[in-house]
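Undergrad: Sharing a structure with you now.
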Number of protein chains: 4
Amino acid sequence: MTAAEAERVIIDPADPLGTISAVADRHNNWGRWGQDDALGTLNFIDESKRVEAAALVRNGRTFSLSQPFNTDGPQKGWRRRTNPVHTMTDTGMEAQHGNQGFPHGFGGADDIIAMPLQCSTQWDGLGHIFDRGVAWNGRAAGEVVTSEGDQVTGIETAADRVVTRGVLLDVGRALGPSLGREDGELPDGFAITPEHLTRVIELQGPSSQVRRGDIVLVRTGQYARTRREGWGEYAGGPAPGLSFTTAPWLHHSEIAGIATDTWGFEVRPNEFEDAFQPLHQIAIPNLGLFLGEMWDPEALAEDCAEDGRYDFMLVAAPLAITGAVGSPVNPIAIK
Amino acid sequence: MTAAEAERVIIDPADPLGTISAVADRHNNWGRWGQDDALGTLNFIDESKRVEAAALVRNGRTFSLSQPFNTDGPQKGWRRRTNPVHTMTDTGMEAQHGNQGFPHGFGGADDIIAMPLQCSTQWDGLGHIFDRGVAWNGRAAGEVVTSEGDQVTGIETAADRVVTRGVLLDVGRALGPSLGREDGELPDGFAITPEHLTRVIELQGPSSQVRRGDIVLVRTGQYARTRREGWGEYAGGPAPGLSFTTAPWLHHSEIAGIATDTWGFEVRPNEFEDAFQPLHQIAIPNLGLFLGEMWDPEALAEDCAEDGRYDFMLVAAPLAITGAVGSPVNPIAIK
Amino acid sequence: MTAAEAERVIIDPADPLGTISAVADRHNNWGRWGQDDALGTLNFIDESKRVEAAALVRNGRTFSLSQPFNTDGPQKGWRRRTNPVHTMTDTGMEAQHGNQGFPHGFGGADDIIAMPLQCSTQWDGLGHIFDRGVAWNGRAAGEVVTSEGDQVTGIETAADRVVTRGVLLDVGRALGPSLGREDGELPDGFAITPEHLTRVIELQGPSSQVRRGDIVLVRTGQYARTRREGWGEYAGGPAPGLSFTTAPWLHHSEIAGIATDTWGFEVRPNEFEDAFQPLHQIAIPNLGLFLGEMWDPEALAEDCAEDGRYDFMLVAAPLAITGAVGSPVNPIAIK
Amino acid sequence: MTAAEAERVIIDPADPLGTISAVADRHNNWGRWGQDDALGTLNFIDESKRVEAAALVRNGRTFSLSQPFNTDGPQKGWRRRTNPVHTMTDTGMEAQHGNQGFPHGFGGADDIIAMPLQCSTQWDGLGHIFDRGVAWNGRAAGEVVTSEGDQVTGIETAADRVVTRGVLLDVGRALGPSLGREDGELPDGFAITPEHLTRVIELQGPSSQVRRGDIVLVRTGQYARTRREGWGEYAGGPAPGLSFTTAPWLHHSEIAGIATDTWGFEVRPNEFEDAFQPLHQIAIPNLGLFLGEMWDPEALAEDCAEDGRYDFMLVAAPLAITGAVGSPVNPIAIK
């Protein structure tokens, strides 16, 4: 970290817009990869980075970082976000019964899903959030995302990109004890600052060093708590998460993406008196940063705690949905 | 290939059921991984296989093997298979207009998809096809897949499994010349036999050797033709594909999966007088073999033809949709 | 009411199956309209009945008995029942902006809905409920409703039928005072017996007489309470409703249908120790009776209370969805 | 018809915008029902009109004017309009098998639909079409219909309104002979002028007189042809329909709505060199006129031809979908 990277964000709780605009002025990647760029921080992942990532594969253990996609999910209908609805158009019942009309004993089952693209484990695309009407790279929001979808930064543009080194920062496990918790979980409302991130990296050791092009997976422990206690207010309620003060860290670390085990990546309630996801407003439209939400780091975190190795190869390819502003994803960590 | 592997399937065009049942008797993996198995041939992928796969990453080039997911797709409604319908619940138009009700200039776009799980690039799950009312591993089809989904072999069981060595068999490019075609495409109705596969491997060289646990990607060239000429009858019409006679090869090669650039993996019209996808009936319920369909091998095939290396690391993780009998997938090849 | 009609149902709370089967034996319309019948009690509506209904139109006032269809609805995901999700594929924002690609200033908005057919104001079709594996008219349930829908009694068969005399029985208003309530609402868990129905008819006067072919609308007041207090457990929780003891009344009254302002028509908790909607099990498969649920009788009830006239012309045509086991409906009462 | 009503529209095929704007200036109902109006021509239906309609019920025959809603429909994906997809979440197969988890032999089937609101028999809402960025009653299109739906003229506002006198103008049957056709069908591309409408009314007799508040159902015969020959280009292809020159008739007749048996109400190809549905651009945003499309008049038309009575009570209530710009409908004609 250089001096520049250590710069502090001063939050004025009564003035979210003033604070946000000041931070956006300083932490902005517009034009960094040309006027036509659609990939933002995924540009930090180059071919050598992927070779580096593949070299992390030592024992061949794999971890799906996906939560289950089904009706028993966190969503409650906010902004029409329901849980995924999966229905069968043909089943084994019919196949066994022999009424499907196929010859020679052939039988089949088939199915359909309807779901918000951000109902469960997901990537936010660069067209997902805007800052004062402006999208990533300085484009007018209305020119980018219409009712026909994202015309510029649709998630399909990232289809072949998300292969890189992943680093788990298990903030819950690392900082829990100093917070008097033995369960490896941060309490709701806990704001993870740059200092916390630095401390976790120190505690976890050298494999946790964050470098350009990495994707950082932050484990707060809230998902573990949720699995134990029920969804409750997981979707949109109080949660541990990144502090708004991490904006410089997100910028200067030159990471390709960051994901959490929470609904919304940043701490909730937000750190202003009247605000909604202010760190998103910096991260997506100003930094071009890819955010992952509702990832399940539990099995991976267990493994990392055991072997002390916190980096891994990460393949987290979004579905190639034309014009989508986000995508469900099944991120795979390979160690 | 041993003698056993070379055994020939004799097709009686007038007797699909007789032929199928004879082949199913000889080529069957039921019980091979225990009575409770839900993974079938994915069991061939072990941790050492994934280490082997990662070691294939040399230059860090990545290829998405996904077709685009959008309304302009191949489906025509057969068995309620539509193309994916992607709709926006919020757009940049509103964000720019400032009528979303968020504070401090925050704006957002959000979206929803409704799609058959097998509308485009996909994995068939083991609950997708049945043989005479029986599902993979000998279970009654009606006990496995009900209206609530696949209770046993739902695609979520494979969520963390599909990381292995991939091998491209570019049958179109390799055999085209001997068929008098310079476009690297097989004609519709062309049945790829075990002999063809062997010949392609010889022509492509040692990196094409197929081994236990591999996922084989067969390129027929039909998708390239389709992109050029329009979808036409891509979904369900005549197509090049695997001959029913490849059943022993699929069995004895001990591959973990096989994917093609066609709608239905096997040659169409099928090689019987009155039949429907007879090779599926062997592959899925009897072998427990994972089939990928409608993959896009074009960019990868171009690269392989250039560098002469036909194997790569493949990560093709299905979405973790509970109880699904298939899943859209964005398969990533890494070289 | 004849003596037969007055017969009493004795509920054994510990033996739902015994009670249900005894009642089903006595109250059953199978074969009444022939072996091929798909309409059940809608057969009670004949052409003269519709002429009678039209003659009830005196002042031309109309009342929609539909609740609003939107995301802010009662459903919570039970058995994959979500609230309706309505999304726009084109909007006035784009039309005004001029980016829709149409000539001469033409602009358009278009939309899509995804919804369970029984998510809000609805008719239950005759394929919706079964009694011990048997559907209406004695057919095997599995022969009637497969994954492809209701092959026999799909709601489309009723498309042109539901025009008849409607009668409002405002049980909440009529009996509230005797229950010490001045709000015109029955408490949750209140079981409406045949005696209650008779008493309401007496209190409301001659226009409330129920006759063959009528559709009866029972107002409990729960929906009014819900609009005031929030959905709470409206979908599936405790509610006032028909007692299981009304089975003979439902049979002998020869009504064509009955609807309530509650989620589930019958009283909840049900009147057995361990039961689920036992009166449905009589009404639909045994009587062939059409049940309406989640209707909004409020404005109509207000009008009836004012003019003392409780009968009206009712047109409540389901959508003609092929093979559906229920349908959303906008029932129109005309006075 | 007064002289004003007889005014002629002169079409300049090369200047759709000039022609449309001239007609829009003369034929416009903005402000007629106040600045807050959301109902347009439905205001022509008053209570006495409904009493008049009910008095038309003589023999109690009913006709559903709905086409079937299922996957085998006319849509081909244009602007994401698919056919309705109806899926089962529970079936009689499971109920019969006894694996649904309910007590006392209770079994159930349940279902879901996903569909464009204008995929089949439908009402266009007043937020469906705009004229140069302006919606019904002179409102800015972007203020009316956002991604959250129609904020002003959502179809739910019409939920209790559509009960009135219906008049069938069977143009196919009436004019067919003079066109040398004995099949009662107009050829595709046939433009129905005001003179044609007048002639049909004369031929059919006094019951066909069109009066204020009526809903007119125009039968071209194209749907009959489609049922016989297959959907072909029914959705968006050539079709008989209203000529742009009927704009004054639509205005001065003071009808509440008009419906046809075609996809798009007006003649196709449209009567300009480069145009898209120009009569819609007058009818909806300028007149506030409700348009019905893809209605099935066949059984009703047969009955009217037999008894010579072309008017009837019409109840065509849209679903109460909050903010929708259209709605599927099952229109019921009662004679």
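Undergrad: Which of the residues belonging to region A:167-202 are part of a helix (DSSP H, G or I) and either modelled with pLDDT under 95 or among the polar types (S, T, N, Q) (or both)?
TA: Correct list: A:PRO177, A:SER178, A:LEU179, A:THR198.
Undergrad: Let me ask something else. Quick one: in region B:267-283, of everything that is open to solvent by 10 Å² or more (accessible area, probe 1.4 Å) and in contact with a strand residue (DSSP E or B) (Cβ under 7 Å, 6 or more places away or on another chain), which residue is farthest from B:GLY18 (Cα to Cα)?
TA: Restricting to residues being open to solvent by 10 Å² or more (accessible area, probe 1.4 Å) and in contact with a strand residue (DSSP E or B) (Cβ under 7 Å, 6 or more places away or on another chain), the top hit is B:ARG268.
Undergrad: Ok, one more. Would you confirm, using the coordinates I've provided, whether B:THR71 is in a loop (DSSP other than H, G, I, E, B), modelled with pLDDT under 95, open to solvent by 60 Å² or more (accessible area, probe 1.4 Å) and hydroxyl-bearing (Ser, Thr, Tyr)?
TA: no
Undergrad: Would you point out which residue out of B:ALA95, B:ALA53 is open to solvent by 10 Å² or more (accessible area, probe 1.4 Å) and small (Gly, Ala, Ser)?
TA: B:ALA95
Undergrad: With surrounded by fewer than 24 Cβ atoms within 10 Å (Cβ to Cβ), under 14 Å from the mean Cα position of the chain (by Cα) and either in the same structural domain as C:GLY127 (by TED's automatic domain parsing) or not polar (S, T, N, Q) (or both) as the only criterion, which of C:GLY288, C:GLY264, C:GLY232 stands out?
TA: Going through C:GLY288, C:GLY264, C:GLY232 in turn, the sole match is C:GLY264.
Undergrad: Hey, could you check region D:130-155 for residues that are within 7 Å of another protein chain (Cβ to nearest Cβ) and more than 22 Å from the chain's Cα centre (by Cα) and say which is farthest from D:THR41 (Cα to Cα)?
TA: It comes out as D:SER147.
Undergrad: Exactly one of these conditions fails for B:GLY60: (1) surrounded by fewer than 21 Cβ atoms within 10 Å (Cβ to Cβ); (2) modelled with pLDDT under 95. Give me its number.
TA: All conditions pass for B:GLY60, except number (2).
Undergrad: Moving to a separate point now. Pairs, please: C-beta under 7 Å, at least 6 apart or cross-chain, first residue at the interface with another protein chain (Cβ under 7 Å from one of its Cβ atoms) and of a type in the set (Val, Ile, Thr) and in region B:43-72, second surrounded by fewer than 18 Cβ atoms within 10 Å (Cβ to Cβ) and assigned to a helix (DSSP H, G or I)?
TA: Within 7 Å, the pairs are B:VAL57/A:VAL51.
Undergrad: Can you report the number of residues in region A:192-229 which are without any contact (Cβ under 8 Å) to a residue 40 or more places away in the chain, in contact with a strand residue (DSSP E or B) (Cβ under 8 Å, 6 or more places away or on another chain) and open to solvent by 40 Å² or more (accessible area, probe 1.4 Å)?
TA: Residues meeting the conditions: 0.
Undergrad: Also: Name the residue, out of A:ASP261, A:ASP274, that is touching a residue at least 40 places away in the same chain (Cβ under 8 Å) and more than 9 Å from chain B (Cβ to nearest Cβ).
TA: A:ASP261
Undergrad: Continuing with this model, one more query. Could you give me the residue pairs with C-beta distances under 8 Å whose first residue belongs to region A:139-154 and is free of Cβ contacts under 8 Å to residues at least 12 places away in the same chain, whose second residue is part of a loop (DSSP other than H, G, I, E, B) and of a type in the set (Lys, Arg) wherever it lies, and which are 6+ apart or on separate chains?
TA: Once the first residue is free of Cβ contacts under 8 Å to residues at least 12 places away in the same chain and sits in region A:139-154, no partner that is part of a loop (DSSP other than H, G, I, E, B) and of a type in the set (Lys, Arg) comes close enough.
Undergrad: Being within 28 Å of C:GLN222 (Cβ to Cβ) and over 24 Å from the mean Cα position of the chain (by Cα) is true for just one of C:ASP12, C:ASP72. Which residue is that?
TA: Result of the check over C:ASP12, C:ASP72: C:ASP12.
Undergrad: Among the residues of region C:75-111, which ones are more than 7 Å from every other protein chain (Cβ to nearest Cβ), at negative phi and either more than 40 Å from the chain's Cα centre (by Cα) or polar (S, T, N, Q) (or both)?
TA: Listed by number, the residues that qualify are C:GLN75, C:GLN100.
Undergrad: Right, something else. I'd like to verify a number: residues in region C:203-223 that are in a helix (DSSP H, G or I), more than 16 Å from C:LEU175 (Cα to Cα) and either under 19 Å from the mean Cα position of the chain (by Cα) or of a type in the set (Gly, Ala, Ser) (or both), how many?
TA: 2
Undergrad: Quick test of your reading of the structure: B:GLY237 fulfils all but one of (1) in contact (Cβ under 8 Å) with a residue 40 or more places away in the chain; (2) surrounded by 24 or more Cβ atoms within 10 Å (Cβ to Cβ); (3) not aliphatic (A, V, I, L, M). Name the failing condition by number.
TA: In the conditions (1) in contact (Cβ under 8 Å) with a residue 40 or more places away in the chain; (2) surrounded by 24 or more Cβ atoms within 10 Å (Cβ to Cβ); (3) not aliphatic (A, V, I, L, M), B:GLY237 misses (2) alone.
Undergrad: I've got another one for you. Kindly indicate whether any position in region A:315-329 is more than 8 Å from every other protein chain (Cβ to nearest Cβ), farther than 30 Å from B:THR71 by Cα and either surrounded by fewer than 24 Cβ atoms within 10 Å (Cβ to Cβ) or among the polar types (S, T, N, Q) (or both).
TA: No, region A:315-329 contains no residue that is more than 8 Å from every other protein chain (Cβ to nearest Cβ), farther than 30 Å from B:THR71 by Cα and either surrounded by fewer than 24 Cβ atoms within 10 Å (Cβ to Cβ) or among the polar types (S, T, N, Q) (or both).
Undergrad: Follow-up question, since we're still on this one. Keeping to region A:17-38, report how many residues are open to solvent by less than 20 Å² (accessible area, probe 1.4 Å), within 17 Å of A:GLU254 (Cα to Cα) and not charged (D, E, K, R).
TA: 5
Undergrad: I'd like the full set of residues that are in contact with a Pro (Cβ under 8 Å, 6 or more places away or on another chain) and facing another protein chain (nearest Cβ under 7 Å), limited to region B:119-129.
TA: Across region B:119-129, the qualifying residue is only B:ILE129.
The values are calculated or read from the model by the stated rules, or taken from the named source; none is laboratory data. Note that the coordinates shown come from a computational prediction; the quantities given were computed from them, not determined experimentally. Ideal geometry is used to build each Cβ from the backbone, glycine not excepted, and the neighbour counts take in all protein chains shown. Protein only, heavy atoms only, side chains kept; ligands, DNA and RNA dropped before computing areas. Shrake-Rupley method; radii C 1.70, N 1.55, O 1.52, S 1.80 Å.
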